[in-house]
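**Q** Have a look at the structure that comes next, please.
Here, each number is a calculation from the coordinates, and none is a lab measurement. Nothing here was measured: the structure is a model prediction, and the numbers come from that model. All Cβ positions, glycine included, derive from the backbone under ideal geometry; neighbour counts span all protein chains shown.
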Amino acid sequence: MKTPVYLDYSATTPCDGRVVQRMLPFFTEQFGNAASRSHAFGWTAEAAVEEARGHVAQLIGAHPKEILWTSGSTEANNLAIKGVAEMYRQKGNHLITAATEHKAVLDPMKRLEAQGFQVTFLPVDSKGHVDLAQLAAAITDRTILVSLMAANNEIGTLHPIGQIGALCKQKGTLFHSDATQAAGKIPLDVEAQHVDLLSLSAHKMYGPKGVGCLYVRRKNPRVRLVAQMDGGGHERGMRSGTLNVTGAVGMGEAARICSAEMAVEVPRLRALRDRLQARIRAALPDSVVNGDPAACLPHLLNVSFPYVEGESLIMGVKELAVSSGSACTSASLEPSYVLKSLGLGDELAHSSIRFSLGRFTTEAEVDFAADRVVAEVERLREMSPLWEMVQEGIDLSQVKWTAH
Amino acid sequence: MAYSDKVLDHYQHPRNVGSLDKNAPDVGTGVVGAPECGDVMKLQIKVDDQGRIVDAKFKTYGCGSAIASSSLATEWLKGTHVDAAEQIKNTQIVEELSLPPVKIHCSVLAEDAIKAAIEDWRKKRAAVAGSPPNPEQQP
C-alpha cells in the first residue's frame, strides 16, 4: 500500500486513465477550435465536444442542448445565480438558499444582496436538512430562484431535490442545484426531479480540472440567463470563450464512465464507508458521525472526535490525505460554518475529519486509515486537558473558559 | 500549512506531557484558552522553597503549534526561577519555533499559561504564609 493514502476525493479526484487516453489526441493531432466551421480540424473538435455533451446530458437526464460548458462548478454557480437574477429582475428580486451551501453559491448570493436583491439564507437542522415547510413559506411571488445543493461537500447530506424541485415548480420559481459533489456519484434526473439549472464539475468525477457544466432547462419552463462573460457568443450566447475541447472531451468520458459504472461503484463505496465508520466507532464510541446517515453521499464520512483538535489530528495522521471539517488549516481559525450551522458545539466543530472515498480506494486503505486515526486520537487525548477533565467528571459546558 | 521542524519535533515527541497534583501547595496551575477557540492549555509548575521551578507539565487541546508552544514552555520553565519565568515573552516562542503569523496566538496562549500558573502558585503560597500554622505540618 502506498502512502499517503488518498481519502479526499471530495476535494478532487484523479483523472481516470480512460479519461486521459480519450483526451490525449485533442492536445496534439486533433487540436482544432470547435468553433472553426471552415475545415476538418474544427469539425473534428466540434464532433468530439458534442459527443461529450451528450454523455454529460445522459448522466443527469437532460437534452444535450441544455448543457453549457464552463470552467467548473464555481463558474456554473455564478452564471446560474447572477444570470437568473439579472434576467428576471423585473419579475422579482428575491432569492433563497441555505446556510450550508458552498461559498461558490453563498458569495454570489451575497454580492446580489449588496446590489439590492433580497436573499433568504435558510437554516438547517442538526443533520443538514432544510425544513421544506419553511422553504415553502419563504417563497413569495417575488422569488425568482431557489438554490439548494444536491449533496453537501462537507457532511454529504443529500437534499431531497425531487421534492424541492416539485415545490418550486408548483410555486412558479426556478430551482438551481449545485450538484458538484453528487453528479456521477448518485443518480440524478433533472426531469424527474424538476431541476431548472444544475452545476457540475469534471474534476470531482475523475475528469480533468478546469472544466464543468451548467445545465439550463430548455422547456417547461425555458430558462433564460444574462451571460456573465461577453465575447464570441459561444454556447448559445450564454458563455462566450473558446471551448476547452480537451477538457470537455475528458468530462464527457468521465460522465460516460460514471453512468456505466455507478450501479457497481455506489454499493462498493458505501460498504467501504460503512466499514470505516464501524471500525472507528468500535474503538472510539464517543466519536460523532456528522450529517444524515440515512441520506448521505455513499462515499463520504465526516466524524468529530471530541476532546482532540482537528488540525493536530490531521497533522498526526500524515500518512492519510484527509481534510479537516475545521477551516483552521485555511488560516481563518474558524471552525467550519457548515458544522456550526448544524448546531454542533464548537469543540465538536473543531474536531472533525472528512473522509471521502473514491474509485481507487481499497479495503486495506480503509482499515489502515481507521487504525491510524484511532491511534492518533488516543495519543492526543492523553495530551488533552479536556479529556482529562471529562475523566475527572467535570462538565465542560460548566467551566469558565478564558476566551481569547 | 508547512510546519517548522521544531514544531513537528515537539508535536511528535512532546516534552513533559502530564499532570501534577493541582491541590498540592507547591504546584501552580494555569488553564487558558477555550474549546470554542480551538485551543485550551493547561500548564503546571512545581516550585521549591527558593522559588525555583523543579518540574513542569502540560496538557494541550489545540493545533500542532499550540502543542509545540506549550511543550517548549515546559522545557524552558524547568530549572528556572519563577521571577525569570515570568519574563518569558511569546515572541521568544515564536522565534524558537518559527511560528507563522497565523499561529502567533498559540505563543500568546503559552505565555498566558505560564503567567497563570505562576499567579496560582503565588496565591497558594500567600495563603499558606498568611494562615495560622497548620498543626499537621509541624514536625
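**Q** Relative to the longest principal Cα axis of chain A, at what angle does helix A:245-283 sit, 0 to 90 degrees, rounded to 10?
**A** 20 degrees
**Q** Moving on. For region A:1-80, what are Rg and Dmax over the alpha carbons, in angstrom?
**A** 16.0, 52
**Q** Which residue fluctuates most in the GNM of chain A (Cα springs below 10 Å): A:ALA99, A:ALA133, A:ALA183?
**A** Answer for the Gaussian network model of chain A: A:ALA133.
**Q** Expressed as a fraction of 2.2 N^0.38 Å, the rule-of-thumb size for a compact globular protein of N residues, what is the C-alpha radius of gyration of region B:53-107?
**A** 1.11
**Q** In whole Å, what three semi-axes, largest first, describe the equivalent ellipsoid of region B:5-124 built from its Cα gyration tensor (square root of 5 times each eigenvalue)?
**A** 22, 14, 13
**Q** Considering only the other residues whose Cβ falls under 12 Å of the Cβ of A:ASN290, what net charge follows from Lys and Arg at +1 and Asp and Glu at -1?
**A** Its environment carries a net charge of +1.
**Q** Let me ask something additional. Using a Gaussian network model of chain A whose springs link C-alpha atoms within less than 10 Å, name the residue from A:SER36, A:SER304, A:SER336 with the highest mean-square fluctuation.
**A** A:SER36
**Q** Relative to the longest principal axis of chain B, what angle (0 to 90°, nearest 10) does the C-alpha long axis of helix B:104-130 take?
**A** So the helix axis and the longest Cα principal axis differ by about 0 degrees.
**Q** Next up: Normalised by the number of residues in chain A, what is the relative contact order in percent for Cα pairs under 8 Å and 6+ residues apart?
**A** 21 percent
**Q** So for the protein assembly as shown, what are the equivalent ellipsoid semi-axes in whole Å, largest first, each being the square root of 5 times an eigenvalue of the Cα gyration tensor?
**A** 54, 25, 21
**Q** Which whole-number percentage describes the relative contact order of chain B, with Cα contacts under 8 Å and a sequence gap of 6 or more?
**A** 28 percent
**Q** Sticking with this one: For A:LEU68, what residues show an amide H to amide H distance below 5 Å, using hydrogens built from the backbone and excluding near sequence neighbours?
**A** Long-range HN contacts for A:LEU68: A:LEU214, A:TYR215, A:VAL216.
**Q** Could you work out the Kirkwood radius for region A:190-347, taking every pair of different alpha carbons, averaging 1/r and inverting it, reported in Å?
**A** 19.4 Å
**Q** A further question on this structure: Between helix B:64-77 and chain B, what is the angle of the helix's C-alpha long axis to the longest principal axis, kept within 0 to 90° and rounded to the nearest 10?
**A** Between helix and principal axis, roughly 40 degrees.
**Q** Strictly over 32 Å apart at the Cα level, which of A:LYS110/A:LYS169; A:LYS91/A:LYS204; A:LYS2/A:LYS82 would you flag in this model?
**A** Table pairs above 32 Å Cα-Cα are A:LYS91/A:LYS204; A:LYS2/A:LYS82.
**Q** While we're looking at this one, here's another question. Which whole-number percentage describes the relative contact order of region A:28-78, with Cα contacts under 8 Å and a sequence gap of 6 or more?
**A** Contact order relative to length: 20 percent.
**Q** Excluding residues fewer than 8 places away in the same chain, name every one of the lysines whose C-alpha is closer than 29 Å to that of B:LYS57.
**A** A:LYS318, A:LYS400, B:LYS6, B:LYS22, B:LYS42, B:LYS46, B:LYS78, B:LYS89, B:LYS103, B:LYS115, B:LYS123, B:LYS124
**Q** Using only the Cα atoms of region A:81-123, what semi-axes does the equivalent ellipsoid have when each is the square root of 5 times a gyration tensor eigenvalue? Give whole Å, largest first.
**A** Working from the Cα gyration tensor, I get semi-axes of 17, 10, 9 Å.
**Q** Using only the Cα atoms, work out Rg/Rh for region B:1-54, with Rh taken as the Kirkwood radius, to two decimals.
**A** Here the Rg-to-Rh quotient is 1.08.
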